[in-house]
């Protein structure tokens with residue numbers, strides 16, 4: 001028996017991924033360890049009352065509450081009457097990890113306006129914020145965030161000293177909450193990370209990044225857009241104050257909502273206007289290893305186009321958030337406003353400067369402003385705040401802007417649920433995003449996977465043994481054969497009342513850059529869109545065929561060994577009801593009877609608002625680079641320059 | 001020269017205008033409010049104070065323009081309405097009419113103070129009484 005177990009262990013060790021993580025902190029070893037890695041579900045984009053916009057629209061919960069919620073406890077939602085919450089929310093299935101990422105900008109101002117002991121409490125701005133919250137929110141939020149030359153309010157004093165000082169308390173409390181709820185015991189039940197959101201928004205163009213720290217060693221103060229108004233400056237600050245500080249500090253930055261960046265999220269020019277070079281690209285990809293492809297304020301995968309009907313998914317029609325209420329300003333988004341075209345553009349940049357600046361893995365998250373990480377279920381969606389619906393007066397029957405959505409989840413493949421293991425997954429991009437469901441997706445690339453791999457009980461072993469997982473570079477080519485990709489997806493099992501919808505199909509999206517032109521093609525590799533699946537809009541019952549598991553081993557039929565390429569998989573569920581359909585059914589809206597849909601419930605009868613959704617998952621890409629010198633040497637654990 | 005009978009009663013027009021400005025709920029576009037003109041003037045004043053004190057960056061200028069535009073348009077519309085009403089009331093001219101109009105406004109003010117006829121999106125509560133919108 002011992003011999004058999006030993007053989008199994010040796011076999012597993014041989015098949016295990018080469019790049020393990022290094023421990024950077026003191027903690028008990030996890031009781032459970034998965035050499036072939038497990039998917040851990042979480043949310044890396046969470047706001048609490050420490051964020052000015054969340055506080056301004058009625059949120060009273062703190063980072064502690066956010067972590068309580070992520071672990072499965074109920075917390076209060078606005079409105080608050082005499083200090084007590086009128087609503088509550090609770091996850092049906094707890095998360096494995098979460099990151100509270102309150103806005104670093106206005107962190108001190110938010111405290112000053114609420115604490116009568118702090119200088120500035122009686123200032124005009126703070127009085128206005130307390131007296132007329134929505135006016136305060138409308139004036140203050142855009143004053144800082146949407147300004148090309150942001151500056152602090154006069155009550156912050158010279159050099160913003162008072163506000164910097166006031167920001168220390170919430171920054172400490174954020175770290176303390178992360179520490180309190182991080183499970184350092186051998187059960188490794190829940191992981192937290194210290195984080196914040198750098199809220200760059202020049203002229204209303206969203207260039208936000210979420211910063212996630214590997215362990216408890218973090219920046220003394222979070223970098224702000226007010227003091228550091230460019231992404232280049234942010235990377236420099238993170239390098240100087242964290243990555244290169246000589247300690248254990250390590251961090252990544254996760255861009256989000258390139259869909260409303262007006263093309264500024266992924267620039268190929270420096271702040272001084274000159275084109276980036278290899279060092280710039282390296283610096284960027286060292287810190288930005290992931291991108292948030294979907295969240296509350298829209299999906300950023302791909303622009304609407306005739307060749308991929310599934311790009312018509314949770315899109316918003318404006319290119320800047322501040323244009324949302326002015327349809328006359330809506331226009332087509334500039335290049336690199338979406339993740340797919342940015343990934344393709346990265347290949348072109350790699351050909352130009354020798355390094356791919358946009359080597360981005362993929363995750364999803366919520367961007368909740370209610371302190372509710374992972375609150376992604378369509379059937380119970382109460383909105384996420386974020387200034388889209390002013391919740392301080394109550395959550396309306398139609399709870400959100402009809403073009404927004406509950407957001408998604410980040411999934412990390414790791415050996416155990418600890419900070420180092422999960423952070424290593426983020427660093428090596430072995431991650432994927434979902435629009436909410438807990439689909440389990442594996443994606444491997446290599447040169448000699450067997451066609452029978454899907455039938456093998458050793459799918460993952462083979463995947464690691466003979467190739468690389470999502471987020472990696474294909475190993476050097478051994479023959480003239482095209483690369484082989486093995487993709488497997490398991491349906492979200494549901495549970496705890498959460499829905500479970502069958503899978504419909506898997507696609508592989510190929511991106512390449514040739515002759516200065518970025519190209520893309522979508523291949524159907526498993527399942528079929530013609531499966532007759534549908535949903536009854538009155539009851540939201542789904543029907544038709546679908547799969548519990550889909551799997552394929554796929555060879556690129558158009559492979560050109562001279563052309564760099566990137567491949568990612570998209571896994572799509574059968575149609576199900578979108579959140580607005582649940583809300584409209586709950587309120588018994590009948591579009592033939594106008595008396596049933598007053599106020600915002602009128603959205604229920606707007607034919608422009610989709611009634612159904614095809615939930616999905618997107619894997620991180622696998623890259624093919626013909627020139628071995630340009631291949632990623634592997635950011636296996638700690639970023640090295 | 002206009003016929004004396006066709007002229008509105010002096011002072012009644014102003015009294016009516018003041019009453020309407022103080023009490024009549026008017027739609028506040030974009031923010032879905034229903035508030036009297038005095039409230040809009042108050043909002044414009046506060047926003048102007050922010051613009052002067054802190055600068056009109058970001059949305060400050062836009063919101064200020066919106067409030068001022070609302071205030072000017074409604075002031076003009078209420079003035080026209082008050083003038084038309086005072087013309088209609090001219091046959092009952094005299095101190096008695098002024099007393100009746102004043103009493104009517106007072107009664108409406110009392111009613112507006114003990115109920116919540118105003119939708120106040122900017123305030124801590126979604127609906128307010130007259131005292132609420134003036135505070």
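Observations
- Percent of beta bridges antiparallel (DSSP, the stretch A:261-380, rounded to nearest 5): 55 percent
- In degrees, nearest ten, helix A:161-181 long axis to first principal axis of chain A (Cα): 50 degrees
- With contacts taken as Cα pairs under 8 Å at a separation of at least 6 residues, chain A carries a relative contact order of 15 percent.
- Residue A:587 paired with residue B:69, simple spin-label distance in nm, labels 7 Å along Cα-to-beta-carbon: 2.8 nm
- Ascending count of other beta-carbon atoms within 10 Å, so fewest first, for A:365, B:113, B:86: B:113, B:86, A:365
- In chain B, helical runs assigned H by DSSP with n ≥ 4 each contribute -39500 (n - 2.57); averaged across all residues and rounded to the nearest 500, the mean residue ellipticity at 222 nm is -21000 deg cm²/dmol.
- From its DSSP helices (H runs of at least four residues, each -39,500 (n - 2.57)), chain A gives a residue-normalised ellipticity at 222 nm of -6000 deg cm²/dmol.
- Ordering A:553, B:133, A:99, B:68 by the number of other Cβ atoms within 10 Å of each residue's own Cβ, fewest first, gives B:68, A:553, B:133, A:99.
- Per the Debye formula on identical point scatterers at the alpha carbon atoms of the stretch A:415-508, with no solvent, log10 I(q)/I(0) at q = 0.10, 0.18, 0.21 Å⁻¹ is -0.33, -0.98, -1.19.
- Of all DSSP beta bridges confined to the protein assembly as shown, the antiparallel ones make up roughly 85%.
- Computing FRET efficiency as 1/(1 + (r/R0)^6) for residue A:130 and residue A:179, where r is the C-beta to C-beta distance and R0 is 30 Å, gives about 0.45.
- DSSP bridge pairs, the stretch A:31-436: antiparallel proportion in percent, nearest 5: 65 percent
- Chain B: most fluctuating residue of B:18, B:109, B:49 per GNM, C-alpha cutoff 10 Å: B:49
- A simple spin-label model places pseudo-atoms 7 Å from Cα toward Cβ; at residue A:605 and residue A:326 they are separated by 3.2 nm.
- Directionally averaged shadow of chain A, computed from the convex hull of its alpha-carbon atoms, nm²: 29.1 nm²
- Global form of the stretch A:296-347, assessed from the alpha-carbon gyration tensor, a/c cut-off 1.5: prolate
- Ranked B:62, A:321, A:470, criterion: other C-beta atoms within 10 Å, fewest first: B:62, A:321, A:470
No value in this document is a laboratory result; all are computed from the given coordinates. Note that this is a predicted model, so its numbers are computed, not measured. Reconstructed Cβ throughout: ideal geometry from the backbone, glycine too, with neighbour counts over all protein chains shown.
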